[in-house]
Each structure stands twice: as structure tokens, then as C-alpha cells.
1. Please verify whether Glu104 is acidic (Asp, Glu), under 21 Å from Leu43 (Cβ atoms) and open to solvent by 50 Å² or more (accessible area, probe 1.4 Å), treating the condition exactly as stated.
2. Being aliphatic (A, V, I, L, M) and over 12 Å from Asn49 (Cα atoms) is the filter; apply it to segment 62-79 and report the residue that is surrounded by the most Cβ atoms within 10 Å (Cβ to Cβ).
3. Looking at segment 114-146 only, could you name the residues that are of a type in the set (Ser, Thr, Tyr) and over 16 Å from Tyr37 (Cβ atoms)?
4. Within segment 136-170, restricting attention to residues that are crowded, with 18+ Cβ neighbours inside 10 Å and of a type in the set (S, T, N, Q), which residue is nearest to Glu107 (Cα to Cα)?
5. With respect to the numbered conditions (1) within 18 Å of Glu141 (Cα to Cα); (2) modelled with pLDDT of 80 or more; (3) open to solvent by 70 Å² or more (accessible area, probe 1.4 Å); (4) not aliphatic (A, V, I, L, M), which one is the sole condition not fulfilled by Thr24?
6. Does Ser83 satisfy the condition of being small (Gly, Ala, Ser), within 17 Å of Gln138 (Cα to Cα) and modelled with pLDDT under 95?
7. How about segment 114-185: which strands (runs of 3 or more DSSP E) wholly inside it have at least 1 residues that are at pLDDT below 95 and acidic (Asp, Glu)?
Amino acid sequence: MKKITLICTLTLLNFVSFTAHAQTYCASRGTNTTHGYIKEVQLSGGISNISGNNGGYADFTSQSATLYIGATNNIALTPGWISEAATIVYWTIYIDYNHDGIFEPSEIVGQKSNSITARKAFTVPATALLGRTRMRIQMQEGMYETNPCATYTYGEVEDYTVDIKASAGRSSGTTSATNITEEKTADLDRKSTR
């Protein structure tokens, strides 16, 4: 009887720890894309999106990339122009590593400026929570945007999903829960034979 109770308890804990993180995020957008928009986003792990001009904001959270803790990830961001007059645009990339629905300053993955494709390599920190979470990309003319909830004049914002996975050296919660169940079951079996 103790064995069954213990297994049910651990299975329940395992289920709760991997429940999807449904968060509501603040809005951010550009109000005018005549000085540039987000034309293309490529992220190692699964996102390759040529989106074009979306009028200042686009929700692409149905598109996802898998990122591994400790691995190098590469993102390439390409601006588009309504006219041929390309200007310098400034990119800010956020990932909600702690799944709390807030893009914090410590969650800025990188910032770049360029008038052509900007490339950035980054590593997911060991403190990041596993699972699906939001990535926000802000592009603005003239300066970096450091307010993830800003509405600004020239530029565009796109949101995506990233699925953070454990590195090879870090076990996932499912494996750990299974190991705990097996260890506790073995301990109970040994006690019952004495």
C-alpha cells in the first residue's frame, strides 16, 4: 500500500512541474513602419520566418525554436524598408527565462544595430526554467528600446516561442522523477523483506 501511495504522489508532482506556463505579456509595438520593419527572423533550433511588414506588431508565437541550456544559439535579424532609404535600426531581444510573464533587464539576450542583417550568438543561462516561453524582438530606428512594453514611433515588434531544454549534462524533471520513484520503491522493497 505504501508503494502505490508513493508512486501516485511522485507522478502528481511530476505532472504539476511540467504544466504549461500560460502567461499574459505586456503589449509592445511600433506605430509607423515607414522607416523600417522586421523582414526576417532566423533562430537556430527551428525558426526561419520571412514575415514582411506587419504594421508594427506580429504574434508569431505559433512558431517555436528549441534551445538548450549552455549551448550556443544564433539569431539573424533582417530589416525591411518601404522605401529604398535604409537607416540604422536597433534590435533588442528578450527571452522570459523564468516564465513569469515579465521581460526583465537580465533577460535581454542581446542588442545590435545595423542597416543590414544583424547576427548575434547567445547562450541560454543555467538558471533558465525548462519548457516553452516567450521571446520578444523589438526593432526601432534611432536607438535601442530597453522597455519591453514600449509603444514607439518607428519600428516593429515580433513575439515567438522558444522551448528551453536541458543540456546533456543536466537531467530533465521527467527523468529525475522516474529515478526518485525507482529509488524509493527499491528502499521500500528492502525494508519489507527484513
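The values are calculated or read from the model by the stated rules, or taken from the named source; none is laboratory data. Since we're looking at a predicted model, the values are computed, not measured. A quick note on method: Cβ atoms are made from the backbone with ideal geometry, for glycine too, and the neighbour counts reach across all protein chains shown. Just the protein is used for accessible areas: all its heavy atoms, side chains included, with ligands, DNA and RNA removed. Shrake-Rupley method; radii C 1.70, N 1.55, O 1.52, S 1.80 Å.
1. Working: acidic (Asp, Glu): yes; under 21 Å from Leu43 (Cβ atoms): yes; open to solvent by 50 Å² or more (accessible area, probe 1.4 Å): yes.
When the stated conditions are applied, Glu104 passes them.
2. Filtering segment 62-79 down to residues aliphatic (A, V, I, L, M) leaves 65, 67, 69, 71, 75-77.
Remaining after also requiring over 12 Å from Asn49 (Cα atoms): 67, 69, 71.
Numbers: Leu67: 22, Ile69: 20, Ala71: 15.
Among those residues, the one meeting the criterion is Leu67.
3. Initial filter on segment 114-146 (of a type in the set (Ser, Thr, Tyr)): 115, 117, 123, 127, 133, 144, 146.
Matches in segment 114-146: Thr123, Thr127, Thr133, Tyr144, Thr146.
4. Per the criteria, the residue is Gln138.
5. Among (1) within 18 Å of Glu141 (Cα to Cα); (2) modelled with pLDDT of 80 or more; (3) open to solvent by 70 Å² or more (accessible area, probe 1.4 Å); (4) not aliphatic (A, V, I, L, M), Thr24 violates only (1).
6. Numbers: small (Gly, Ala, Ser): yes; within 17 Å of Gln138 (Cα to Cα): no; modelled with pLDDT under 95: yes.
So Ser83 fails the test.
7. On the way: elements: 118-123, 131-141, 151-165.
In segment 114-185, the matching strands (runs of 3 or more DSSP E) lie at 131-141.
Results for (1) within 18 Å of Ala65 (Cα to Cα); (2) not acidic (Asp, Glu), shown as yes or no for each residue.
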site	(1), (2)
Leu77	yes, yes
Thr87	no, yes
Glu104	no, no
Ile108	yes, yes
Ser115	no, yes
Lys120	yes, yes
Leu129	yes, yes
Tyr160	yes, yes
